[in-house]
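Here's the structure we're looking at; comments come further down.
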Amino acid sequence: MNLDPLYIVNLLLCIIIVVLGYLIHKKTKSKMVVCVTIAFALFGISHLATILDIAAAYAYALIAIRITAYLAVVYGLYGELHGDR
């Protein structure tokens, strides 16, 4: 296990953001919130893989996960910019 505080803090913050995103989405039904929440859930998966020392074995999958997370944020923000709620 890689107990580097940086990865642990990042994972904990991702979990907090996902929980808050879920609660905010229940209240607002905002697509942007869903996209950001999904993105941080995916970032959390990549942090967890690093903590569990399996990131090297799944390097290509983690690259795809991170790209998908960034694209989810872009999609959510773009939709918000153009009024797609």
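Just so you know, all these numbers are worked out from the coordinates, no wet-lab data involved. In this text the structure is predicted, and so the values were computed from the model without any measurement.
Miscellaneous remarks
- Note on the chain: GNM, Cα springs under 10 Å; of V36, V73, V19, the largest mean-square fluctuation is that of V19.
- Region 5-81: proportion of alpha-carbon pairs further apart than 20 angstrom, %: 33 percent
- Length-normalised contact order for region 5-81 - Cα pairs under 8 Å, 6+ apart - percent: 37 percent
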